[in-house]
1. Run residue 38 past the list (1) farther than 17 Å from residue 84 by Cβ; (2) surrounded by 12 or more Cβ atoms within 10 Å (Cβ to Cβ); (3) within 17 Å of the chain's Cα centre (by Cα) and report the number of the one that doesn't hold.
2. Does region 76-88 hold any residues that are modelled with pLDDT under 90 and surrounded by fewer than 18 Cβ atoms within 10 Å (Cβ to Cβ), and which are they?
3. Please enumerate the residues belonging to region 87-110 that are out of contact with any Ser or Thr (no Cβ under 9 Å at 6 or more places or on another chain), of a type in the set (S, T, N, Q) and in a loop (DSSP other than H, G, I, E, B).
4. From the residues in region 55-75 that are in a helix (DSSP H, G or I) and touching a residue at least 24 places away in the same chain (Cβ under 8 Å), which one is surrounded by the most Cβ atoms within 10 Å (Cβ to Cβ)?
5. Conditions first: (1) at pLDDT 90 or above; (2) surrounded by fewer than 14 Cβ atoms within 10 Å (Cβ to Cβ); (3) β-branched (Val, Ile, Thr). Residue 110 passes all but one, so which condition is the exception?
6. Can you tell me which residues in region 76-85 are in a loop (DSSP other than H, G, I, E, B), on the phi < 0 side of the Ramachandran plot and in contact (Cβ under 8 Å) with a residue 24 or more places away in the chain?
7. Taking region 78-110 only, how many residues are of a type outside the set (Ser, Thr, Tyr) and either over 23 Å from residue 45 (Cβ atoms) or more than 12 Å from the chain's Cα centre (by Cα) (or both)?
Amino acid sequence: MPPFKALCTQFEIPSPEHDVTRKLAEPLTPEVAAAQVEDFARLPLVRVDEAMILAAIERSRSTSFPFWDALILEAALRGGADRLLTEDLQHGQKTEDLTVENPFLESGKT
């Protein structure tokens, strides 16, 4: 279940150096990336609420995670995810039952 920020950063127009239209070994076209965002948007969305924000603040204070990364972790955990695809956290890192995977690791463009 993708959190809102994850949907937005899948196709990140203001910072194209961080999106799938640039970083993959075979980058996606903007049209394909947009279609993938539409596909992701069909998945159940984890809604951010006060409890999640407070949990993210606490996780950020008790770890080295920036707030937004902590919020994404909280959303993934609440959604029941067992893996989180991101380039912003350490590949293989485990948080509770969640494992971080860097989707760009094999492309060598991290």
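The values are calculated or read from the model by the stated rules, or taken from the named source; none is laboratory data. Only a predicted model underlies this, so the values are computations on that prediction, with no experimental measurement involved. Quick reminder, even Gly has a Cβ in these numbers, built from the backbone with ideal geometry, and neighbours come from all protein chains shown.
1. Going through (1) farther than 17 Å from residue 84 by Cβ; (2) surrounded by 12 or more Cβ atoms within 10 Å (Cβ to Cβ); (3) within 17 Å of the chain's Cα centre (by Cα) one by one, residue 38 breaks only (2).
2. 85, 87, 88
3. 90, 110
4. In this case the residue turns out to be 73.
5. (1)
6. Residues of region 76-85 in a loop (DSSP other than H, G, I, E, B): 79-82.
If we keep only those that are on the phi < 0 side of the Ramachandran plot too, we end up with 79, 81-82.
Answer for region 76-85, where residues must be in a loop (DSSP other than H, G, I, E, B), on the phi < 0 side of the Ramachandran plot and in contact (Cβ under 8 Å) with a residue 24 or more places away in the chain: 79, 81.
7. Total meeting the criteria: 18.
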